[in-house]
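The values are calculated or read from the model by the stated rules, or taken from the named source; none is laboratory data. All values reported here derive from a predicted model rather than from experimental measurement. Heads up, the Cβs are rebuilt from the backbone with ideal geometry, glycines too, and the neighbour counts pull from every protein chain shown. For accessibility, only protein heavy atoms count, side chains too; no ligands or nucleic acids. Shrake-Rupley method; radii C 1.70, N 1.55, O 1.52, S 1.80 Å.
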Amino acid sequence: MALMEVKSLASGYGEVQILWGVDLNLEKGKLTTLVGSNGVGKTTLLSTVMGLLKPRQGTVTFGDRDVTNMSPHARAKAGMVLVPEGRQLFTTMTVYENLEMGAFSSRARANFKQNLEKVYDLFPRLQERAHQKAGTLSGGEQQMVAVGRGLMAEPEILMLDELSLGLSPLLSLTLFETLVRLKGTGLTMLLVEQNVNMALAVSDYAYVLAQGKIWLEGEARQLMKNDEIRQAYLGVVGH
Amino acid sequence: MLGQLLSSLTDGLLLGFVYGLAAVGLSLIWGVMTVINLAHGPVIALGMFGTYLLFLKGGCNPYLALLAVAGMGLVFGFLIYGVAVHRVLNAPHLSTLLATFAVNMILIGVGTAVFTTSPHNIDFSLGSLEVGPITVPATRLVAALGAILFTAALYLFLYFTRPGKAIRAVANNRKAAELMGIPSAWILALSFGLGTMLAAVAGGLISTFFPFTILSGGPYELKSFVICVLGGLGNPLGALIGGLLLGGLEGLIPTFMPVSWVPVVEFGLFILVLLFKPSGLLGAK
């Protein structure tokens with residue numbers, strides 16, 4: 001059963017159209033990866049899915065609701081949560097306050113304590129740093145806050161944009177292990193990653209975005225063996 | 001000589017707290033949504049008239065009236081935000097400047113029609129306090145205390161309540177706040193309401209010891225700008241301290257030179273700070 005469905009979505013900025021009819025089906029409980037070369041519109045797609053950008057065409061359905069015209073905060077409240085590219089933390093606020101803000105909606109606030117325990121269990125470092133300003137943390141710790149804050153929102157679907165960007169291979173690996181643990185709890189996730197090898201290794205299903213459309217899709221394991229995929233994420237295809 | 005100096009310094013500092021309160025309102029709005037609220041002055045004046053009317057027609061104690069004025073200021077700020085600010089918030093700064101300036105002109109126009117521009121005053125006194133050579137009108141002392149209370153309440157609100165923290169989150173990163181389920185438009189309206197409330201309360205406090213007209217807010221608005229630049233725009237604590245600094249100067253200058261020099265020194269200082277420390281004396285970066 002599809003938890004989130006994107007149908008012929010078209011979007012862009014000003015005069016520039018970037019997406020030309022994208023279709024996605026995110027299965028409940030599955031980890032899906034969106035692959036594509038730089039500048040192909042992956043972040044644009046996530047922004048449009050979350051309502052930060054208005055689509056020119058197409059629909060986004062979440063559960064059985066058409067959310068295409070909902071505001072981003074209403075989508076978050078409904079359970080669609082994006083951990084944005086570049087972390088976008090509340091840098092002048094403490095780690096704890098960042099987590100509190102993640103649990104802003106009434107639905108998430110109801111289970112604040114349990115969720116906080118879960119987040120601290122996944123990232124013990126955050127408990128140590130709870131009262132430090134988020135802007136003073138290292139890049140890896142900031143990414144943990146970003147993911148932790150997203151989890152505090154009690155997502156039904158968690159979308160992660162460029163999780164490993166700018167992090168050391170070791171830290172990236174740790175974060176990917178966290179994703180695997182989260183998958184084990186039945187969380188539905190959509191991962192956008194430049195580290196395609198790692199992303200495909202942990203994913204169930206994958207889409208390849210090229211020239212503003214879905215160019216290929218399939219089981220992640222099968223796509224990993226595909227020569228064209230290797231070319232696509234190296235940037236040979238898609239321009 | 002020393003006694004007189006101390007007296008006028010105390011006078012100035014007490015007034016400075018109230019200046020600071022008005023500036024905190026301006027600074028809050030700037031800090032959250034980078035809007036310079038040019039309707040700040042008339043709102044201060046409306047705070048004066050609100051207190052005046054409740055006192056004169058309602059027979060209310062002016063300090064009790066002030067609480068009502070605070071509530072009305074909050075609602076009024078919501079209204080200004082909804083009508084004039086929200087739609088132009090993401091447009092270039094000039095649009096929000098013109099929008100709040102339009103509100104400024106409307107308020108002054110309506111205020112002039114209703115109250116005329118002749119001076120009003122609240123006939124109210126609490127006597128005065130004498131400490132050694134210093135004589136202080138009690139209304140000024142209470143006004144300073146009121147300003148401190150409201151500033152402290154704002155601080156507690158911003159740091160210890162959920163909507164307060166949401167205000168700080170929206171100020172820090174509006175997009176991320178929206179992604180976390182925070183309805184940013186409501187939070188912006190609330191911030192604008194709070195900024196307006198503080199301006200109205202400052203006006204109400206001033207009305208207990210100075211006569212005023214509908215145009216009286218103007219000079220306080222300008223002082224708020226100077227204070228915000230002194231303290232660092234967007235930094236509420238800096239605004240309060242900037243207010244004290246300005247108040248102290250205003251108290252001291254007239255003992256050394258004619259009163260008409262006060263704005264010259266104030267705005268001279270304003271330009272010097274802009275030239276040499278544009279982030280404000282207390283600004284971090």
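Quick notes on this one:
- With DNA, RNA and ligands ignored, accessible area of A:D121 (1.4 Å probe; Å², nearest 10): 100
- Taking amide hydrogens as placed 1.01 Å from N in the peptide plane, the amide H of A:I214 sits under 5 Å from those of A:D23, each at least 5 positions away in sequence or on another chain.
- For region A:88-101, backbone phi angles converted through the Karplus equation (6.51, -1.76, 1.60; θ = phi - 60°) give residue-by-residue couplings of 6, 6, 7, 5, 8, 10, 6, 4, 4, 5, 4, 5, 4, 5 Hz, Gly and Pro being listed as x.
- For region B:119-198 versus region B:214-232, the inter-centroid distance based on Cα atoms is 16 Å.
- Globularity index of region B:153-195, i.e. its alpha-carbon radius of gyration over 2.2 N^0.38 Å: 1.04
- Karplus 3J(HN,Hα) series, Hz, for region B:118-129 with 6.51 cos²θ - 1.76 cosθ + 1.60 (x for Gly, Pro): 7, x, 10, 8, 9, 7, 8, 9, 10, x, 9, 9
- Per-residue ³J(HN,Hα) for region A:18-34, Karplus 6.51 cos²θ - 1.76 cosθ + 1.60, θ = phi - 60°, Hz, x for Gly and Pro: 10, 9, 10, x, 9, 10, 9, 10, 9, 6, 4, x, 9, 9, 10, 10, 10
- Nearest-ten-degree value, helix B:217-231 long axis tilted from longest Cα axis of chain B: 80
- Exceeding the 23 Å Cα-Cα cut-off - candidates A:K28/A:K113; A:K30/A:K113; A:K7/A:K118; A:K30/A:K133; A:K54/A:K77; B:K223/B:K277: A:K28/A:K113; A:K30/A:K113; A:K7/A:K118; A:K30/A:K133
- Cα-based radius of gyration of chain A once divided by 2.2 N^0.38 Å, which approximates compact folds: 0.97
- Peptide-level mean, for A:91-97, of C-beta atoms on other protein chains within 10 Å: 3
- Amide H contacts under 5 Å for A:Y207, placed H, 5+ residues apart: A:T33, A:L34, A:V35
- Peptides B:210-220, A:71-81, A:170-180, A:3-13 ranked from most to least packed, by the mean per-residue count of other Cβ atoms within 10 Å: A:71-81, B:210-220, A:3-13, A:170-180.
- Angle in degrees between helix B:184-207 and the longest Cα principal axis of chain B, rounded to the nearest 10: 10
- Computed log10 I(q)/I(0) for chain B at 0.07, 0.09, 0.11 Å⁻¹: -0.25, -0.41, -0.62, from the Debye equation with unit scatterers placed on every C-alpha and solvent omitted.
- Computed about the Cα centre, the dipole magnitude for the protein assembly as shown is approximately 300 debye when only Lys and Arg (+1) and Asp and Glu (-1) carry charge, each at its Cβ.
- Whichever aspartates and glutamates have a C-alpha closer than 13 Å to that of B:K165, once near sequence neighbours (fewer than 8 apart) are set aside: A:E97, A:E100
- Value of relative contact order over region B:203-285, rounded to a whole percent, pairs C-alpha under 8 Å and six or more apart: 33
- Alpha-carbon radius of gyration plus Dmax, which is the widest Cα pair, for the protein assembly as shown in Å: 27.9, 91
- Considering only Cα atoms, the convex hull volume of region B:142-285 works out to 128 Å³ per residue.
- Over the Cα atoms of region A:88-155, the radius of gyration divided by the Kirkwood radius equals 0.93; this is the Rg/Rh ratio.
- Angle between chain B longest axis and helix B:40-56 axis [Cα atoms, degrees, rounded to 10]: 60
- With all protein chains modelled, accessible area of B:F160 [1.4 Å, Å²]: 150
- For region B:112-260, relative contact order (Cα pairs under 8 Å, six or more residues apart, normalised by length) works out to 24 percent.
- Largest to smallest in accessible area, the residues B:K57, B:K165, A:K118 fall in the order B:K57, A:K118, B:K165 (1.4 Å probe, all protein chains included).
- Anisotropy class of region B:53-164 from Cα gyration tensor, a/c 1.5 cut: oblate
- Within region B:112-183, the proportion of C-alpha pairs whose separation exceeds 16 Å stands at 70%.
- Kirkwood Rh (inverse of mean 1/r, distinct Cα pairs), region B:1-102, angstrom: 15.7
- The mean sequence distance of close C-alpha pairs (under 8 Å, at least 6 residues apart), as a share of the length of chain B, puts its relative contact order at 40 percent.
- Long-range amide H partners of B:S216 with built H, under 5 Å: none
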